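Heads up, the thing below is written out as structure tokens.
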Amino acid sequence: MSLITITSGIGCGDAHVARRLSEIFQFEVYDDKRIQEEALALGISPEELDEFNKKAPGLLDRLLRLKPQTYLELMESVIYNISGKDDGVILGHGAAFLLRDFGCAFHVLIHSSISSRVDYLVAQHEMTADAARKLIEKTDDERRGFMRYAFRMDWDDPSLYDVVINRDKLGLEGAIQLITAGREVDAIQACSLASLESMERLSLAKRVEAAIIKNCLNPGNYHVFVPEEGIVYLTGIINPLESKDKLIDYVKAVPGVKEVSTDLQTERIHDI
């Protein structure tokens, strides 16, 4: 089992590369639409999402611009969940950063010059060169700013990736060949059981957090730990208006939870 993450700016041809890789290896492509479907399938719907039309395209881009913390929470849950599945390729959405310590992932950065990206957008989307350039500058600024905000990292840092591809020189087919060869390296194929178990625990913790956010009055009062598979340890302060038994029921209803332990203190209500 292994994942490929592809990070690039708009107009670098990453979607084309991902589609070709999916044909070669017969695995899933997690693009914007597919990741959005995964998020909704997990039942992740914090109150902040209620302001958006979840079925409309571009939900994730709007979240990134308007509610970056909600976007980050969503991506953590979805990306960690995807990491426990079969092989696949994840396009963008901070996957390379979220999975930087996951030994089963092969991280790729596709780089291309601004002029080449402009030409690509003009050809693929019938945009004017001026509109394409403005779109590139806008999306680059937004995504670069988010990566610094969320991870304190620069997405242009080559040390974050296993391979950096110059699309201007290699072209899209050359990029596909290089990624295909890189994925077959023994070190990438040797995905450790410890890495998988670690990501499964992270995924479960995020699903539990999502359930708490959805059902509790003060979700920020709780802290979730998953020390081993299926075991959830819940600490924090419980509001007197909330039921501890109901809270435990919410957690137990999350797929994958086998046992719940708690260390909860009741919040004091002070007289005014």
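We did not get these values from a lab; they are worked out from the coordinates using the rules stated. This is a predicted model, so every value here is computed, not measured. Don't worry about glycine lacking a Cβ; one is built from the backbone with ideal geometry, like all the others, and counts go over all protein chains shown.
Restrict the search to region 112-162; then list the GluC sites (Glu not before Pro) that DSSP places in a loop and that have at most 13 other Cβ atoms within 10 Å of their Cβ. For GluC sites (Glu not before Pro) across region 112-162 that sit outside H, G, I, E and B with at most 13 neighbouring Cβ atoms in 10 Å, the list reads 126. Computed from the Kirkwood radius of its Cα pairs, the Stokes-Einstein diffusion coefficient for region 193-266 at 10 °C and 1.306 mPa s stands at 129 µm²/s. Across region 193-266, C-alpha contacts under 8 Å between residues 6 or more apart give a mean separation that, scaled by the residue count, equals a relative contact order of 31 percent.
Each residue of region 242-250 was assigned a 3J(HN,Hα) from its phi angle through the Karplus expression (A = 6.51, B = -1.76, C = 1.60, θ = phi - 60°), giving 9, 9, 4, 5, 5, 4, 5, 4, 4 Hz with x at Gly and Pro. Taking N as the residue count of region 67-186, its C-alpha radius of gyration divided by 2.2 N^0.38 Å amounts to 1.15.
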